[in-house]
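Trainee: This structure is in structure tokens; I'll ask about it shortly.
The values are calculated or read from the model by the stated rules, or taken from the named source; none is laboratory data. Note that the coordinates shown come from a computational prediction; the quantities given were computed from them, not determined experimentally. Backbone-built Cβ (ideal geometry, glycine too); neighbour counts: all protein chains shown.
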Amino acid sequence: MIKFESVTKRYPDGTVAVNGLDLVAPSGQITVLVGPSGCGKTTSLRMINRMIEPTSGRIWLDETDTGTVSTSKLRRGIGYVIQHAGLFPHRTIVDNVATVPLMLGVDKKTARAQAMDLLVRVGLDPAFAKRYPAQLSGGQQQRVGVARALAADPPVMLMDEPFSAVDPVVRAQLHEEFLRLQQDLGKTIVLVTHDIDEAVKLGDQIAVLRVGGTLAQLATPADLLARPADDFVAGFVGRDRGYRSLGFADAGDLPTRKEVTVRLGSDFAAAAALAEDGWVLAIGDAGEPLGWLDASHPGTGPIGPQHLHRGGTVATEGGSLRAALDAALSAPSGRGVLVREDNTLLGTVTASEVVARIEERAAAERIEAAR
Amino acid sequence: MSSPPVGYLAAPDQPWNVQHYLDGKVGYVLGLLWQHLWLSVLPVVIGLIIALPIGYAAKRFKWTYTPLVTISGLLYTIPSLALFVVIPSVIGTQILDPINVVIPLTIYTIALMVRVIADGLRSVDETVLQAASAMGYSRFQRLLKVELPIAIPVIGAGLRVAVVANVGMVAVAAVIGVPQLGTLFSYGKDLFYYAPIVVGLVLSVALAFALDLLIVLAVRALTPWRKAVAAR
Ligand SMILES: Nc1ncnc2c1ncn2[C@@H]1O[C@H](COP(=O)(O)OP(=O)(O)OP(=O)(O)O)[C@@H](O)[C@H]1O
Ligand SMILES: [Mg+2]
């Protein structure tokens, strides 16, 4: 647990970057600091490992006042990841990752072996180990940065815009890998971003800061979207928050209907005859939905992948209302495809059915709130 | 070092005949070469050691950069001849003492290297420094294990200039009588004997070239990561 106790940072030039901050980042969870540029996110983060000393107030790491231990000792127990990774250009990838263990006196062979394991864990080909940072792409460097911060297995990780220097596709990939990793490792993480979508995706809780370095709101992502504390937070959280908050709403048991399906490779004419509203769903050998077949443009011979409409998204059983609604809205047939955990077809659901579920849920919440 | 063998009193018959000149004097000439070598290299080594902390200070304390770099730059504008002549009387050494050569050249090396070291250290990426500090490196460890290794190419380039310049300036020290390859120039000039001048010239150029190459190779060996960067 990391605890800020009325922490203030005033820079020598008089700038108050952080002002009376009280905040708890619970153990094993991801706490995201968001806010507009210059609101003191980086300053707050760096006060935790004392790369910046607070002007007043205290920061606790579990039972320890961080101001009372030596900075070297403090920092070796705290992983730190920054934008552009900050890898050592003169060391190979594996030696970059092994830096802290080597500093702590682990022998070279063990440290390197551990570093290799970590590279695999963060999704890097071990073949990169002998390269130098300049020979890696930005996304790969960022993975190495994460591996390096994890190397000494610190209980705490500080991350300052770790994913902002890569393109959206790689970023989404890194997000997934990061969440998967955190599920295994359960670190206490404080992550800084100015991207509210990233905050919502990654955070267990989100702290919104405003310029001047004060806390505007501390909430779970769902709460933040549903109940912004004031205009500033509402503005910062942005548009579509009603729709986005559905991402946190459990879809529960949706009224799915059975769908008539055809197999890939079966005869086109026979398949078209089964269509409902002009569309029939094609599945693969393992029962996985592949795409919709347009029966109004009948062909001849066996159905191939090239005949299928690929625009529809697929929602997983037990997922969010947002995913279910999106599946229904994106299906050319108007029937959203739901699959089980093992990716086999569960059935379909229409948008109006999902919306009905959303309204039921909202009504239940209103009754709950009135009590 | 023995004094030069008795030379010709008048212009020799074959002033360009190097072979003739070298006959029996190979040992003597090699002695001068050796003398020239260490008179060029020692000041670079001492100068580098002294310039390191000064260059570091210029980088660490931003306000000292301009004064330190300016002062060291000014040192470089003092003519070497003047230093060679003045130094012995200032520090009270004997007129033929090699220290009279080592000290001025050390001053030149410092003058050159303070800026080079400060700039080399400043070239290290800020995110790299932050990462190093965040990992628990103390300032000194960080300097030793991160900043200096990354600054090696820049420092190496400065050393090349310093060494080559020194090889040239050592020759000037012939005016104060400290024996080295420059001795061959004054000797040849006085007697209109060109062979020793040619020998001195070839050897000092070869020496400068060899020392330069040595630094290039050392930098290359110490920075395998740069090849990787270049191949990008
Ligand atoms: N060393 C410093 N000296 C003086 N002022 C500083 C210093 N570092 C930061 N500041 C100021 O403190 C405020 C907070 O800076 P900080 O870097 O914490 O912001 P941030 O939230 O991380 O912003 P960004 O999203 O742009 O990274 C800013 O107004 C900044 O100008
Ligand atoms: Mg910042």
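Trainee: Counting just the residues of region B:82-96 that are not aliphatic (A, V, I, L, M) and not in a helix (DSSP H, G or I), which one comes out surrounded by the most Cβ atoms within 10 Å (Cβ to Cβ)? Spell out how you get there, then give the answer.
Mentor: Of all residues in region B:82-96, those not aliphatic (A, V, I, L, M) come to B:84, B:88-89, B:92-94.
Now narrow it down to the ones that are not in a helix (DSSP H, G or I): B:92-94.
Working: B:G92: 8, B:T93: 14, B:Q94: 9.
If we take residues in region B:82-96 being not aliphatic (A, V, I, L, M) and not in a helix (DSSP H, G or I), then B:T93 is surrounded by the most Cβ atoms within 10 Å (Cβ to Cβ).
Trainee: May I pose another question? Sort through B:G168, B:G156 and tell me the only one that's surrounded by fewer than 22 Cβ atoms within 10 Å (Cβ to Cβ) and farther than 28 Å from A:H90 by Cβ. Explain how you work it out, then say what you get.
Mentor: Details: B:G156 fails: farther than 28 Å from A:H90 by Cβ.
Criteria check complete, one pass: B:G168.
Trainee: Can you go through A:G40, A:G20, A:G28 and tell me which one is at positive phi and away from ligand 1 (no atom under 16 Å from the Cβ)?
Mentor: Details: A:G40 fails: away from ligand 1 (no atom under 16 Å from the Cβ); A:G20 fails: away from ligand 1 (no atom under 16 Å from the Cβ).
A:G28 is the lone residue from the list that is at positive phi and away from ligand 1 (no atom under 16 Å from the Cβ).
Trainee: For A:G213, which of the numbered conditions (1) at negative phi; (2) surrounded by 18 or more Cβ atoms within 10 Å (Cβ to Cβ); (3) not basic (K, R) fails to hold?
Mentor: The one condition A:G213 does not meet is (1).
Trainee: Another question, if that's okay. Looking only at region A:43-60, count every residue that is within 14 Å of chain B (Cβ to nearest Cβ) and either surrounded by fewer than 16 Cβ atoms within 10 Å (Cβ to Cβ) or closer than 20 Å to A:T214 by Cβ (or both) and tell me the total. Steps first, answer last, please.
Mentor: So in region A:43-60, the residues within 14 Å of chain B (Cβ to nearest Cβ) come out as A:43, A:45-53.
Those still in the list that are either surrounded by fewer than 16 Cβ atoms within 10 Å (Cβ to Cβ) or closer than 20 Å to A:T214 by Cβ (or both) too: A:43, A:45-48, A:52-53.
Residues in region A:43-60 being within 14 Å of chain B (Cβ to nearest Cβ) and either surrounded by fewer than 16 Cβ atoms within 10 Å (Cβ to Cβ) or closer than 20 Å to A:T214 by Cβ (or both): 7 in total.
Trainee: Related question: Could you please give the count of residues in region A:61-75 that are more than 26 Å from the chain's Cα centre (by Cα) and either touching a residue at least 12 places away in the same chain (Cβ under 8 Å) or within 7 Å of chain B (Cβ to nearest Cβ) (or both)?
Mentor: Initial filter on region A:61-75 (more than 26 Å from the chain's Cα centre (by Cα)): A:63-74.
Checking which are either touching a residue at least 12 places away in the same chain (Cβ under 8 Å) or within 7 Å of chain B (Cβ to nearest Cβ) (or both) leaves us with A:66-67, A:71-72, A:74.
The qualifying residues number 5.
Trainee: Further, regarding this structure: I'd like the full set of residues that are loosely packed, with under 15 Cβ neighbours inside 10 Å and not in a loop (DSSP other than H, G, I, E, B), limited to region A:115-132.
Mentor: First, the residues of region A:115-132 that are loosely packed, with under 15 Cβ neighbours inside 10 Å: A:117, A:120, A:125-127, A:130.
Selection gives A:D117, A:V120, A:P126, A:A127, A:K130.
Trainee: Can you list residue pairs whose Cβ atoms sit under 7 Å apart, with the first residue in region B:195-219 being of a type in the set (A, V, I, L, M) and the second being outside any helix (DSSP H, G or I)? Count only pairs 6 or more apart in sequence or on different chains.
Mentor: B:A195/B:P15; B:A195/B:W16; B:A195/B:N17
Trainee: Also, I was wondering about something else. Quick check on region A:100-114. Is at least one of its residues more than 12 Å from chain B (Cβ to nearest Cβ), more than 30 Å from A:V166 (Cβ to Cβ), touching a residue at least 40 places away in the same chain (Cβ under 8 Å) and exposed (fewer than 14 other Cβ atoms within 10 Å of the Cβ)? Lay out the reasoning, then the answer.
Mentor: First, pick out the residues of region A:100-114 that are more than 12 Å from chain B (Cβ to nearest Cβ): A:105-114.
Next, from what is left, pick out any that are more than 30 Å from A:V166 (Cβ to Cβ): A:105-110.
With the extra rule that they be touching a residue at least 40 places away in the same chain (Cβ under 8 Å), the set shrinks to none.
Taking every residue of region A:100-114 in turn, none turns out to be more than 12 Å from chain B (Cβ to nearest Cβ), more than 30 Å from A:V166 (Cβ to Cβ), touching a residue at least 40 places away in the same chain (Cβ under 8 Å) and exposed (fewer than 14 other Cβ atoms within 10 Å of the Cβ).
Trainee: Also, quick follow-up: Within region B:141-188, track down each residue that is away from chain A (no Cβ under 14 Å) and closer than 30 Å to A:N96 by Cβ. Full working, then the answer.
Mentor: So in region B:141-188, the residues away from chain A (no Cβ under 14 Å) come out as B:157-188.
Result: B:A157, B:G158, B:L159, B:R160.
Trainee: Taking the condition outside any strand (DSSP E or B) and touching a residue at least 60 places away in the same chain (Cβ under 8 Å), does A:G318 pass?
Mentor: Judged against the criteria, A:G318 is a match.
Trainee: OK, next. So in region A:162-192, with the set limited to residues that are within 16 Å of ligand 2 (Cβ to nearest atom) and at pLDDT below 95, which one is farthest from A:M1 (Cα to Cα)? Outline the logic, then answer.
Mentor: Here is the first cut: in region A:162-192, the residues within 16 Å of ligand 2 (Cβ to nearest atom) are A:162-165, A:190-192.
Those still in the list that are at pLDDT below 95 too: A:162-165.
On the way: A:P162: 21, A:F163: 24, A:S164: 26, A:A165: 28 Å.
My answer is A:A165.
Trainee: Any residue in region A:45-53 that is of a type outside the set (A, V, I, L, M, F, W, C) and under 17 Å from A:K187 (Cβ atoms)?
Mentor: Our first condition is that a residue be of a type outside the set (A, V, I, L, M, F, W, C); within region A:45-53, this holds for A:46, A:49-50, A:53.
From the residues that got through so far, the ones that are under 17 Å from A:K187 (Cβ atoms) too are A:49.
Yes - at least one qualifying residue is present in region A:45-53.
Trainee: Just checking, which of A:R50, A:R76 is on the phi > 0 side of the Ramachandran plot and away from ligand 1 (no atom under 14 Å from the Cβ)? It would help to see each step written out before you state the result.
Mentor: Details: A:R76 fails: on the phi > 0 side of the Ramachandran plot.
None of the other options fit; the residue is A:R50.
Matching residues to (1) touching a His at 6+ places or on another chain (Cβ under 6 Å); (2) within 10 Å of chain B (Cβ to nearest Cβ); (3) assigned to a loop (DSSP other than H, G, I, E, B); (4) of a type in the set (F, W, Y):
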position	(1), (2), (3), (4)
A:A134	no, yes, no, no
A:G139	no, no, no, no
A:V146	no, no, no, no
A:A149	no, yes, no, no
A:D153	no, no, yes, no
A:L158	no, yes, no, no
A:S164	no, no, yes, no
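Trainee: Moving to a separate point now. Residue by residue through region A:155-183, note down the ones that are within 16 Å of ligand 1 (Cβ to nearest atom) and under 19 Å from A:G28 (Cβ atoms).
Mentor: At the first step, the residues of region A:155-183 found to be within 16 Å of ligand 1 (Cβ to nearest atom) are A:158-165.
A:L158, A:M159, A:P162 - these are the residues of region A:155-183 that are within 16 Å of ligand 1 (Cβ to nearest atom) and under 19 Å from A:G28 (Cβ atoms).
Trainee: To continue, here is another question. Could you check region A:1-101 for strands (runs of 3 or more DSSP E) lying wholly inside it with 3 or more residues that are away from ligand 2 (no atom under 16 Å from the Cβ)? Walk me through it before giving the result.
Mentor: On the way: elements: A:2-10, A:16-25, A:30-34, A:56-61, A:78-82.
Here the list reads A:2-10, A:16-25, A:56-61.
Trainee: Could you please find all residues in region B:117-128 being farther than 20 Å from B:A157 by Cα and more than 8 Å from every other protein chain (Cβ to nearest Cβ)? Outline the logic, then answer.
Mentor: Taking region B:117-128 as the starting set, the residues that turn out to be farther than 20 Å from B:A157 by Cα are B:126-128.
Hit for region B:117-128 is B:E126, nothing else.
Trainee: Restricting attention to region B:129-140, which residues are more than 7 Å from chain A (Cβ to nearest Cβ), within 23 Å of A:I48 (Cβ to Cβ) and assigned to a helix (DSSP H, G or I)? Full working, then the answer.
Mentor: Going through region B:129-140, the residues more than 7 Å from chain A (Cβ to nearest Cβ) turn out to be B:129, B:132, B:137, B:139-140.
Narrowing the set further to residues that are within 23 Å of A:I48 (Cβ to Cβ) leaves B:129, B:132, B:137, B:139.
B:L129, B:A132, B:R139, listed by residue number.
Trainee: Please state which of the following conditions B:G47 fails to meet, knowing it meets all the rest: (1) surrounded by fewer than 20 Cβ atoms within 10 Å (Cβ to Cβ); (2) under 30 Å from B:T183 (Cα atoms).
Mentor: B:G47 satisfies every listed condition except (1).
Trainee: Mind checking which residues of region A:324-347 are surrounded by 19 or more Cβ atoms within 10 Å (Cβ to Cβ), not charged (D, E, K, R) and not in a strand (DSSP E or B)?
Mentor: Correct list: A:A324, A:L325, A:A327, A:A328, A:A331, A:S333.
Trainee: Keeping to region A:349-367, report how many residues are aliphatic (A, V, I, L, M) and in contact (Cβ under 8 Å) with a residue 24 or more places away in the chain.
Mentor: Filtering region A:349-367 for residues aliphatic (A, V, I, L, M) gives A:349, A:351, A:354-356, A:358, A:362-364, A:367.
Now narrow it down to the ones that are in contact (Cβ under 8 Å) with a residue 24 or more places away in the chain: A:349, A:351, A:354-355, A:358.
Residues in region A:349-367 being aliphatic (A, V, I, L, M) and in contact (Cβ under 8 Å) with a residue 24 or more places away in the chain: 5 in total.
Trainee: Based on this model, can you work out whether A:I189 counts as away from ligand 1 (no atom under 16 Å from the Cβ), touching a residue at least 60 places away in the same chain (Cβ under 8 Å) and either part of a loop (DSSP other than H, G, I, E, B) or assigned by TED's automatic domain parsing to the domain that holds A:G145 (or both)?
Mentor: Numbers: away from ligand 1 (no atom under 16 Å from the Cβ): yes; touching a residue at least 60 places away in the same chain (Cβ under 8 Å): yes; either part of a loop (DSSP other than H, G, I, E, B) or assigned by TED's automatic domain parsing to the domain that holds A:G145 (or both): yes.
Here the answer is yes, as A:I189 does meet what is asked.
Trainee: Restricting the first residue to region A:6-20 and requiring it to be without any contact (Cβ under 8 Å) to a residue 12 or more places away in the chain, which pairs with a second residue that is assigned to a strand (DSSP E or B) meet a Cβ separation below 7 Å and a spacing of at least six or different chains?
Mentor: So the pair list comes out as A:Y11/A:A17.
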